[in-house]
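The block underneath contains the structure these notes are about, expressed in structure tokens.
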Amino acid sequence: MGPPGGGRTFITARFLRHLNLVSIATFDDDVMIKIFSTILQWFFIKGKFSTEVAKQESKIVTGTLDVYKMAFKELLPTPLKSHYLFNLRDFAKVIIGVCLTDNTTLISQEQVVKIWVHEIMRVFSDRLINDNDREILLSAVKETVKNRFGLNFDTVFAYLDTFNEEGKKDGTIDTFEIRALMWTDVMSPPGAMIKRYEESTDFVKLQNSLD
């Protein structure tokens with residue numbers, strides 16, 4: 001239960017007298033960075049990832065924290081958006097998503113950015129119900145890619161840019177185009193010992209695998 005607001009009502013004292021109240025202080029930024037940095041460091045060492053990938057660990061964590069805090073501030077719950085409730089579990093899901101990869105599919109900084117953006121979209125954007133909220137999130141992600149990873153978002157994902165009605169590409173990735181970013185393990189052959197989590201850019205092949 002949470003405090004009143006966002007569709008939640010006050011809890012009566014008659015009901016509360018049957019319960020115990022347990023409160024846990026919110027982790028500050030340094031604690032969250034330490035926790036998830038340790039997880040990623042262990043994963044990259046255990047998985048024998050390249051140095052280029054391993055050194056992205058702090059950028060992944062701080063970038064996720066930036067988006068996480070933005071969601072708390074900008075994507076607030078309302079009666080129509082009562083499910084806009086973000087917590088530490090969402091932060092963890094992004095990190096866990098990155099940890100689904102291996103050192104054969106994640107070999108460069110750009111691929112790190114791709115998997116990170118995919119997991120951010122899977123955890124946060126999939127919960128949003130209108131284009132305005134999706135635009136807020138995408139703008140925050142673009143800014144984070146620039147500030148934390150030092151890369152241009154539209155350049156990294158230029159291959160997702162589609163032709164407009166005039167038969168030209170505008171050089172900017174929007175909320176619809178970024179939906180084509182897809183990492184999955186269904187591309188692995190049936191019965192494979194290792195289900196490789198990788199980006200799928202061939203949607204005909206992806207459809208065949210799903211079939």
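Numerical summary
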quantity: Complete set of residues in region 140-183 that are more than 15 Å from the chain's Cα centre (by Cα) and of a type in the set (Gly, Ala, Ser); calculated: 150, 158, 167, 171
quantity: Total residues in region 165-211, condition under 19 Å from residue 101 (Cα atoms) and β-branched (Val, Ile, Thr); calculated: 4
quantity: Some residue of region 162-176 being within 28 Å of residue 47 (Cβ to Cβ) and of a type outside the set (Phe, Trp, Tyr); calculated: no
quantity: Test for residue 102: is it charged (D, E, K, R) and assigned to a loop (DSSP other than H, G, I, E, B); calculated: yes
quantity: Those residues of region 164-175 which are out of contact with any Leu (no Cβ under 7 Å at 6 or more places or on another chain) and either touching a residue at least 12 places away in the same chain (Cβ under 8 Å) or farther than 28 Å from residue 129 by Cβ (or both), in sequence order; calculated: 166, 167, 168, 169, 171, 172, 174
quantity: Matching residues in region 1-45 - criterion: being among the charged types (D, E, K, R) and not in a loop (DSSP other than H, G, I, E, B); calculated: 8, 14, 29, 30, 34
quantity: Residue satisfying condition, being at pLDDT 90 or above, assigned by TED's automatic domain parsing to the domain that holds residue 128, within 19 Å of residue 133 (Cα to Cα) and polar (S, T, N, Q), within set 64, 51, 38; calculated: 64
quantity: Enumeration of residues in region 22-78 that are among the polar types (S, T, N, Q) and surrounded by 15 or more Cβ atoms within 10 Å (Cβ to Cβ); calculated: 37, 56, 62, 64
quantity: Residue within region 114-129 that is farther than 22 Å from residue 62 by Cβ and surrounded by fewer than 17 Cβ atoms within 10 Å (Cβ to Cβ) present; calculated: yes
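The values are calculated or read from the model by the stated rules, or taken from the named source; none is laboratory data. These numbers come from a predicted model, not from an experiment. In this analysis, Cβ positions are derived from the backbone assuming ideal geometry, glycine residues included, and neighbour counts consider all displayed protein chains.
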